[in-house]
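Working notes for the structure below.
The values are calculated or read from the model by the stated rules, or taken from the named source; none is laboratory data. Predicted, not measured: the structure shown is a model, and the values here were computed from it. Quick reminder, even Gly has a Cβ in these numbers, built from the backbone with ideal geometry, and neighbours come from all protein chains shown. Note: areas computed on protein heavy atoms with side chains; ligands, DNA, RNA excluded. Shrake-Rupley method; radii C 1.70, N 1.55, O 1.52, S 1.80 Å.
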Amino acid sequence: MGIKEKNKLIVFDVEGVLVPKNMFFFQMGRKLGFFVLMQILLYRCLYDLGIYSLDASLKRVFRKFRGQKMETLQCVFDKIPDTSRLQSLFAHIKEKNYSIAIISSSLPTGIVKRLADCLGADYAFGIDVGINAAGEITGEVSGETIEIKGKLKILQKILALEGLTLRDCTIVARDRSNRCLFTEDVKKVGFNPNFIIRIKSDYVIMSKLSSVLSILSEGQDRRSFPSVNDFIRENIHAAGIIMPILAHIIDVLPVAIFIGVLSIVYFVSEVARLYGKSLPLISTITRHAASQSELYGFVAAPLFYAFGILFTLLVFPYPVSAAAIAIFTLGDSIASIFGGTIGIRLPFNKGKTLEGSLSGFVFAFLASSLFVAPWIAVVGAAVAMFVEYLPVSINDNVLIPIVTAAVLMLLI
């Protein structure tokens, strides 16, 4: 008889990994009314920005659920997961002799356990939600998953039951609530991670969660290609190169007014979409360009994008503004498309690849050469790709064009 391979453990965060981020809260908010939805999304946004702690954010959110039955929350959640896709993934992970734990710091334990039963996970942990004698939610939340290093304590309990060590464990997570799990000994996988998790990750997955299978077996993720949504989004992004050209032909002010008006219309469209309404054309474009997780919150990226272009146009003179916007729009979009495939992962920020950065540099150089001397275009493209590579919390759509334009000002 062959020697059985030692069992291992993989831990998945739930929100943002197994289900789209904020989708549950978005659907509950819609059920409770527009103003409640706005408040819930605000509390979640304040947590994402680091203004509210996880505990404070959740308590404010669940106070909005007072009087609701737990069955209502479960019914809302049951409509969310793509269980067939996740069941297949978990089955393949089990074949690799892994035990599976799912841990959530935002969803009730009952919901997480029901999801675990559906997917075939071995362990499930969520938050404890207060229930009164009538079976209604009181708004109180507690539990280890929202305590400081609480998730690490849970992980250590699971490892003790399994007879495993941290070296036998893989963590798949997205946001900072999982930071305590990203210890030195575990294999750390960031799935569409925020900048804190991205820095700490050994591997970064920016596309399909199924890529984790090759990480478990080979230590590297498989080649994947951009989705239709990615292509639409990046084509829109690249189209911004038209703005400085128009500004040079008809003047900056009319173009600035156009960008401002379009931003206001987009803002109104997003608010209407959260209320279940659609604005012709704008809402359709948003649905086709946004990622699945973005659709369950306010998609703010286009507003940051518009601000980056608008600020650069208004503050910096031609041809600096034109070159910086060309570098930002075309170079960044190409880097995103080619960076979506798997190449040589760059150190410190493993969400970026060498092939993505090089292709972005080439196209940024070519685009900016239309407006400035080639040697200046080389410097500008290099600066933009370096800024794009940095895992900082400031939105790329704002940081890249402004920093690039500021550097170009010193050269012209």
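Of these, I146, I102, which one is more than 24 Å from S214 (Cα to Cα), out of contact with any Lys or Arg (no Cβ under 7 Å at 6 or more places or on another chain) and among the β-branched types (V, I, T)?
Going through I146, I102 in turn, just one is more than 24 Å from S214 (Cα to Cα), out of contact with any Lys or Arg (no Cβ under 7 Å at 6 or more places or on another chain) and among the β-branched types (V, I, T): I146.
Looking at segment 21-58 only, could you name the residues that are closer than 30 Å to D168 by Cβ and surrounded by fewer than 21 Cβ atoms within 10 Å (Cβ to Cβ)?
L54
Has segment 16-28 got at least one residue that is closer than 30 Å to L166 by Cβ, in a loop (DSSP other than H, G, I, E, B), of a type in the set (V, I, T) and touching a residue at least 24 places away in the same chain (Cβ under 8 Å)?
Yes, some residue in segment 16-28 is closer than 30 Å to L166 by Cβ, in a loop (DSSP other than H, G, I, E, B), of a type in the set (V, I, T) and touching a residue at least 24 places away in the same chain (Cβ under 8 Å).
Given segment 106-187, what strands (runs of 3 or more DSSP E) lie entirely inside it while holding 2 or more residues that are under 25 Å from S88 (Cβ atoms), open to solvent by less than 60 Å² (accessible area, probe 1.4 Å) and without any contact (Cβ under 8 Å) to a residue 60 or more places away in the chain?
Strands (runs of 3 or more DSSP E) meeting the threshold: 123-131.
Exactly one of these conditions fails for T72: (1) in a helix (DSSP H, G or I); (2) loosely packed, with under 14 Cβ neighbours inside 10 Å. Give me its number.
T72 satisfies every listed condition except (2).
Condition check ((1) in contact with a Gly (Cβ under 7 Å, 6 or more places away or on another chain); (2) within 23 Å of A306 (Cα to Cα); (3) at pLDDT 85 or above) across all residues:
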{"position": "P347", "(1), (2), (3)": "no, no, no"}
{"position": "L354", "(1), (2), (3)": "yes, no, no"}
{"position": "P374", "(1), (2), (3)": "no, no, yes"}
{"position": "V392", "(1), (2), (3)": "no, yes, no"}
{"position": "T404", "(1), (2), (3)": "yes, yes, yes"}
{"position": "V407", "(1), (2), (3)": "yes, yes, yes"}
{"position": "I412", "(1), (2), (3)": "no, no, no"}
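Considering segment 364-382 alone, what residues qualify as being assigned to a helix (DSSP H, G or I) and surrounded by 21 or more Cβ atoms within 10 Å (Cβ to Cβ)?
Within segment 364-382, A364, F365, A367, S368, A377, G380, A381 qualify.
Could you check segment 283-312 and list, in sequence order, the residues that are small (G, A, S), touching a Ser or Thr at 6+ places or on another chain (Cβ under 7 Å) and modelled with pLDDT of 80 or more?
Residue satisfying the conditions is A306 alone.
From (1) at pLDDT below 90; (2) over 13 Å from V11 (Cα atoms), pick out the condition that doesn't hold for F191.
(2)
Pairs, please: C-beta under 8 Å, at least 6 apart or cross-chain, first residue in a helix (DSSP H, G or I) and in segment 320-335, second of a type in the set (D, E, K, R) and surrounded by fewer than 24 Cβ atoms within 10 Å (Cβ to Cβ)?
Listed pairs, sorted by first residue: D332/D396; S333/E234; I334/E234.
Limited to segment 83-101, what total is found for residues that are among the hydrophobic types (A, V, I, L, M, F, W, C), modelled with pLDDT under 90 and surrounded by fewer than 19 Cβ atoms within 10 Å (Cβ to Cβ)?
Residues meeting the conditions: 0.
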